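Undergrad: Can you read through this structure? Questions will come right after.
The values are calculated or read from the model by the stated rules, or taken from the named source; none is laboratory data. It should be emphasised that the depicted structure is a prediction, and the values quoted were computed from it without experimental measurement. FYI the Cβ positions are ideal-geometry reconstructions off the backbone, even for glycines, and counts take in every protein chain you see. With ligands, DNA and RNA removed, areas are computed over all heavy atoms of the protein, side chains included. Shrake-Rupley method; radii C 1.70, N 1.55, O 1.52, S 1.80 Å.
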Amino acid sequence: MPNGRPGDHPAVDILVHGISSGFPDDIFETVRDLAQHPKYPLISDRVDELLWKYWPSWRNANPDLDEVRRQLQALREELDQAE
């Protein structure tokens with residue numbers, strides 16, 4: 001059962017513990033940057049789901065990191081439009 005410890009969920013690893021959890025630096029930094037946006041709560045569930053689905057340290061031996069980047073960019077644009 002997840003309890004917020006490192007390795008339980010990639011979003012918790014990145015945002016709470018400051019570890020990449022297997023994602024490259026650019027994705028790590030993008031997620032941390034998105035979380036600083038005042039409207040981040042509007043998309044946080046989708047970021048969590050995206051990171052879980054493509055988590056390199058869990059079930060995907062070859063995650064589609066370009067897809068993660070694309071979806072994070074789309075979420076960033078959504079936040080920018082919500083301002």
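Undergrad: Using the heavy atoms of the protein chains and a 1.4 angstrom probe, tell me the accessible area per residue for the chain in square angstrom.
TA: In whole numbers, the chain has 63 Å² accessible per residue.
Undergrad: What list of whole percents do you get for P(r) of the chain, with Cα-Cα distances grouped in 10 Å bins up to the one holding the largest distance?
TA: So the P(r) values, bin by bin, are 19, 55, 24, 2.
Undergrad: Let me ask you something else. Nearest 20 debye, what's the magnitude of the dipole of the chain about its Cα centre given +1 on Lys and Arg Cβ and -1 on Asp and Glu Cβ?
TA: Approximately 260 debye in magnitude.
Undergrad: While we're looking at this one, here's another question. Just from its helices, what would the mean residue ellipticity at 222 nm be for the chain, if runs of 4 or more DSSP H residues each count -39500 (n - 2.57) and the sum is divided by every residue, rounded to the nearest 500 deg cm²/dmol?
TA: -15000 deg cm²/dmol
Undergrad: Here is a further query. Share of the stretch 10-81's accessible area from carbon and sulfur, percent, 1.4 Å?
TA: The value for the stretch 10-81 is 47 percent carbon and sulfur by accessible area.
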